[in-house]
Amino acid sequence: MSENCIFCKIINNELPYHLIDNNDDFMAFLTIFPNTLGATVVIPKQHYSSYAFDLGDDVLSDLVLYSKKVARKLDGFFEDVGRTAMVFEGFGVDHVHAKLFPMHGTKQVHENWQAVNSNVDKYFEQYEGYISSHDFQRADDDELKLLAERIRGRE
């Protein structure tokens, strides 16, 4: 446990929280700063730094599988939710956590798949404090090919 970590304080019942699910290793609770109804935080009870991809494979896979269980609970609870999104970002609290966002209005998509397109028209040069999954303009294939080659070269 980390003495100044807000999530460690929640685990130790030092701060109020709104529990959705709990087991020996993980807990899930509603965020007190929701951007959609049912937005949920999933945390391990052991303190790990916030970058999920620094976790050992066993801890990361257990966190993902537990998050899946909670996401299915959200899907089943909200009548209009066909899917729940999961994000690992971790710049708000330095305790690894998954953020679950029930995607309201997607029930029909889950049952009878159809594309849902965004009208957001933005390209991010740097991280602005939030993640968006929208597509932007079609990229140039030659530029993408070069970038992929450069990334592969660093393996």
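The values are calculated or read from the model by the stated rules, or taken from the named source; none is laboratory data. Being a predicted model, the structure only gives us computed values, none of them experimental. Cβ sites come from the backbone with ideal geometry, for glycine too, and all protein chains shown count toward neighbours.
Considering only region 50-66, I want to know if a residue exists there that is outside any helix (DSSP H, G or I), touching a residue at least 40 places away in the same chain (Cβ under 8 Å) and surrounded by fewer than 17 Cβ atoms within 10 Å (Cβ to Cβ).
To start, the set of residues in region 50-66 that are outside any helix (DSSP H, G or I) comprises 50-51, 55-56.
Subset that is touching a residue at least 40 places away in the same chain (Cβ under 8 Å): 50-51, 55.
From what's left, surrounded by fewer than 17 Cβ atoms within 10 Å (Cβ to Cβ): 51.
Yes, the conditions are met somewhere in region 50-66.
Those residues that are of a type outside the set (Val, Ile, Thr) and in contact (Cβ under 8 Å) with a residue 24 or more places away in the chain, I need them from region 20-45; list them, please. Please lay out each step first, then the result.
Initially, region 20-45 is screened for residues of a type outside the set (Val, Ile, Thr), giving 21-30, 33-35, 37-39, 44-45.
Hits for region 20-45 are 21, 23, 25, 26, 28, 35, 37, 38, 39, 44, 45.
State which residue is nearest to residue 11 (Cα to Cα) when the search covers only region 75-113 and only residues that are polar (S, T, N, Q) and surrounded by 18 or more Cβ atoms within 10 Å (Cβ to Cβ).
84
Do you know which residues across region 114-139 are surrounded by 10 or more Cβ atoms within 10 Å (Cβ to Cβ) and of a type in the set (Asp, Glu)? If you could, list the steps in order and put the result at the bottom.
Pass one, region 114-139, residues surrounded by 10 or more Cβ atoms within 10 Å (Cβ to Cβ): 116, 118, 120, 124, 130-132, 134-136, 139.
Residue satisfying the conditions is 135 alone.
Tell me, please, whether a residue that is in contact with a Phe, Trp or Tyr (Cβ under 6 Å, 6 or more places away or on another chain) and modelled with pLDDT of 85 or more can be found in region 110-124. Walk me through it before giving the result.
Of all residues in region 110-124, those in contact with a Phe, Trp or Tyr (Cβ under 6 Å, 6 or more places away or on another chain) come to 123.
Okay, now just the ones that are also modelled with pLDDT of 85 or more, so 123.
Yes, region 110-124 has at least one match.
Consider only pairs whose beta carbons are under 8 Å apart and that are at least six residues apart or on different chains; among these, list those whose first residue lies in region 127-155 and is closer than 19 Å to residue 101 by Cα and whose second residue is hydrophobic (A, V, I, L, M, F, W, C).
129/91; 131/87; 132/120; 132/124; 133/85; 134/120
What number of residues within region 79-111 are of a type in the set (Gly, Ala, Ser), within 23 Å of residue 43 (Cβ to Cβ) and touching a helix residue (DSSP H, G or I) at 6+ places or on another chain (Cβ under 6 Å)? Explain how you work it out, then say what you get.
Residues of region 79-111 that are of a type in the set (Gly, Ala, Ser), as a first pass: 82, 85, 90, 92, 98, 105.
With the extra rule that they be within 23 Å of residue 43 (Cβ to Cβ), the set shrinks to 85, 90, 92, 98.
When the remaining residues are screened for being touching a helix residue (DSSP H, G or I) at 6+ places or on another chain (Cβ under 6 Å), the result is 98.
Residues that pass the stated criteria total 1.
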